[in-house]
Amino acid sequence: MKTLKFKLYQHKRNRFLKRSINAAGVIYNHCIALHRRYYRMWGKHLNCAKLQAHIAKLRNRFEFWQSVGSQAVQDICQRIDQAYKLFFKHKKKGVRPPGFKKVKKYKSFTLKQAGYKFLGGNRVKIGSRVYQYWNSRDIEGKVKTLTIKRTPLGELFLVVVVHSAGEPEIKFTTGKIAGFDFGLKTFLTCSDGSKIESPQFFKQSLNAIKIANRHHSRKLKGSSNRERGRKNLVRAHEDITNSRTDWFWKLAHELTDRFDLLCFETLNLKGMKRLWGRKVSDLALRDFLNILEWVARKKGKQVVYIDQWYPSSKTCSCCGHVLESLDLSVREWRCPSCQSVNGRDENAARNIQTVGASTIGLGDVRLAMPAIAI
């Protein structure tokens, strides 16, 4: 599956799509209310098929609801049902049930087999109206779903999920393997000794965010100036997101050009956010890994993850000796077995490379014992 994103041209007919998104938000909130009422009365989870049949009857009564396609309504019911199933399955882990959403902030609706048609070029027919979009790339393969998404600025995007013909086989072109250790001071430390520093885009733009936020909060609620201030604040955040995403794509292409196998450690990013907060969110490692996996799959490279509990920092990369404990403040330590001095991040990156290679059968985790002179 591939996901393609296209921006719609600004046009006055786009108000019909925005009206449909608002109607989808109303239907979503009504479904949430029905779920809560049903559980309060009967103590059971509302069946998805029953909910879809009930909403189909209500949709014939309300003209406003008919602006949303029938398949989009079914998709709303299915997503709510899936969210409740995840809640009942993982509620002990802190997963919360789906809640109500503001209609003005509701983002999208999804069409599956019907309700849209690509007319060639840069035109698409949604419902009974034809819209134009920025055709930045060709749509190759069978279109599975079409999502109309609204941003906080009011811009509309087409998110197209396409079933591609086939996945490329793993092809090694450089024959190089690398392990990478993620850190707060250094974004990535490579096993070959190189380091990649993060620009920390949010930290750089923090003053601009503060100024935009201050201007927005000082405006009268409901006024045009407050709406203008809100859009300026949204633009400031979007600039940060776009800059970070652009840097991630360039870095992903650079790493996949240098290496064929890229090894990373599985991290508990939610736990790290509770400890270090904004710094971890600004680095956005998970977003980078998603982009890296996409680029690697396209180029025929491979991304491997090792076990979260492997002691990569406490294990000596020269002899394999494992320390009992290693404080986070210790950035360099001497191995008591082979007397080699190991930098914390560089040593972890080399261990991640060794374990990652053994995971796919290219090497062995166990290292040979060093020779001792007598």
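The values are calculated or read from the model by the stated rules, or taken from the named source; none is laboratory data. None of these values were measured; they are calculated from a predicted model. Using ideal geometry, Cβ is built from the backbone for each residue, glycine included, and neighbour counts are taken over all protein chains shown. When the accessible area is computed, the model is the full protein with side chains, heavy atoms only, and any ligands, DNA or RNA have been set aside. Shrake-Rupley method; radii C 1.70, N 1.55, O 1.52, S 1.80 Å.
Side notes on the structure shown:
- Non-local Lys pairs in the range 238-365, i.e. 8 or more apart or on different chains, that have alpha carbons under 26 Å apart: 10
- Our estimate of slack between K298 and N232, defined as 0.36 nm per intervening residue step minus the Cα-Cα distance, is 20.1 nm.
- With a threshold of 20 Å on the Cα-Cα distance, the over-threshold entries among K5/K102; K2/K149; K2/K93 are K5/K102; K2/K93.
- Computed with a 1.4 Å probe over protein heavy atoms only, the accessible surface of the chain comes to 60 Å² per residue.
- In the chain, the longest principal axis of the Cα atoms and the axis of helix 14-42 are about 80 degrees apart.
- For the range 96-184: rounded, prolate or oblate by the Cα gyration tensor [a/c cutoff 1.5]: oblate
- Averaging the sequence gap over all C-alpha pairs within less than 8 Å and six or more residues apart, then dividing by the number of residues, gives the chain a relative contact order of 15 percent.
- Reach of K195 by Cα under 14 Å, taken over aspartates and glutamates that are not fewer than 8 positions away in the same chain: D181, E254, D345, E346
- Straight Cα distances below 19 angstrom link K142 to the aspartates and glutamates E167, with same-chain residues fewer than 8 positions distant left out.
- Take the Cβ atoms of N225 and Y39, set R0 to 51 Å, and the FRET efficiency comes out at 0.70.
- Among E293, E346, E227, the largest mean-square fluctuation in a Gaussian network model of the chain, built with springs joining Cα atoms closer than 10 Å, belongs to E227.
- In terms of distances greater than 28 angstrom between alpha carbons, the cross-link table entries K18/K117; K89/K203; K104/K219; K18/K221; K44/K144; K101/K221 yield K89/K203; K44/K144.
- The range 296-357 - Rg and Dmax from Cα coordinates, angstrom: 13.5, 44
- Scattering profile of the chain at q = 0.06, 0.15 Å⁻¹ [log10 I(q)/I(0), Debye over alpha-carbon scatterers]: -0.34, -1.39
- Burial ranking of peptide ranges 66-75, 300-309 (average Cβ count within 10 Å, highest at the top): 66-75, 300-309
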